[in-house]
Amino acid sequence: MDTAKKASGDRSLASERAYKYLRDSIYDGHFKPGQIVTEDEVASVVGVSRTPVREAIRRASADGFLELEGFRRARVSNFTDEDTKDIFEIRAVLEALAAERAATRISAEEIGQLEQLTDALEEATHAGGASLFRQFADFNNAFHTVLLKASRSRQIQQALEHLIETPLILHKRFEGTLIGNLERTIHHHRAIITALKAKDPKWAHAEMMVHLMSARSSLI
């Protein structure tokens, strides 16, 4: 039993490494939209077997980074303006509802986490650097994940779990305006936090809707 558990744990770690490699390679522009990615290629670079790579590719496909194509390979997603519009409108409706629910359910600890993440994103924005987009992706994803959890709604969480990361890939299309997008994001995150602190569901709903529809407009 212990041996089986260890093997399962090792495979899970290997799959996580492969997934992180895929995600970071797309964020960093190593893998371009429309490019083919094979299991063998990823397994060779990451240094793991094909089985955890296959799991990582399926996860990346569920998260919207990749599109499964043929045997043991996938294609990096290439989003159209219509795709972008649909993704953000779906997120706006569901995440505004999540923020509305969270307003009366979020804990002080979770509000503290949202503030820390927003402060960290602001510091990273001021510092700049080559890794800024990846930092933005990590901090922004964590912010929305904390808020989504605070909604205490399993149904909303399940509906949104694979949409949180996908829009971050879309921001790569407009990397030249990243700083402006980051500054707007920070402003909106602080407005959402203020509404949550006030425990005002409708205010929180409105701030989240403004945040995501503004992001949509900047990308189309």
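Numbers at a glance
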{"item": "Residue list for the stretch 73-89, filter: more than 19 Å from the chain's Cα centre (by Cα), surrounded by 14 or more Cβ atoms within 10 Å (Cβ to Cβ) and more than 13 Å from PRO33 (Cβ to Cβ)", "result": "ARG73"}
{"item": "Top-ranked residue in the stretch 141-167 [being touching a residue at least 40 places away in the same chain (Cβ under 8 Å) and over 19 Å from ALA62 (Cβ atoms); ranked as most open to solvent (accessible area, probe 1.4 Å)]", "result": "ARG152"}
{"item": "Residue, surrounded by the most Cβ atoms within 10 Å (Cβ to Cβ), within the stretch 13-69, restricted to residues that are of a type in the set (Val, Ile, Thr) and touching a strand residue (DSSP E or B) at 6+ places or on another chain (Cβ under 7 Å)", "result": "ILE57"}
{"item": "Residues of the stretch 15-33 satisfying the condition of being of a type outside the set (A, V, I, L, M, F, W, C) and without any contact (Cβ under 8 Å) to a residue 60 or more places away in the chain", "result": "SER15, GLU16, ARG17, TYR19, LYS20, TYR21, SER25, HIS30, LYS32, PRO33"}
{"item": "LYS5 in a helix (DSSP H, G or I) and either modelled with pLDDT under 95 or among the hydrophobic types (A, V, I, L, M, F, W, C) (or both)", "result": "yes"}
{"item": "The stretch 99-122, subset open to solvent by less than 70 Å² (accessible area, probe 1.4 Å) and of a type in the set (Ser, Thr, Tyr), residue farthest from LYS20 (Cα to Cα)", "result": "SER107"}
{"item": "Of residues in the stretch 128-139 being assigned to a helix (DSSP H, G or I) and free of Cβ contacts under 8 Å to residues at least 60 places away in the same chain, the one surrounded by the most Cβ atoms within 10 Å (Cβ to Cβ)", "result": "PHE139"}
{"item": "For THR125: the one exception among (1) at pLDDT 95 or above; (2) more than 17 Å from the chain's Cα centre (by Cα); (3) crowded, with 17+ Cβ neighbours inside 10 Å; (4) of a type in the set (Val, Ile, Thr)", "result": "(1)"}
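The values are calculated or read from the model by the stated rules, or taken from the named source; none is laboratory data. Predicted model only: the values in this text are computed from it and were never measured. All Cβ positions, glycine included, derive from the backbone under ideal geometry; neighbour counts span all protein chains shown. Surface areas here come from the heavy atoms of the whole protein model, side chains and all, with no ligands, DNA or RNA. Shrake-Rupley method; radii C 1.70, N 1.55, O 1.52, S 1.80 Å.
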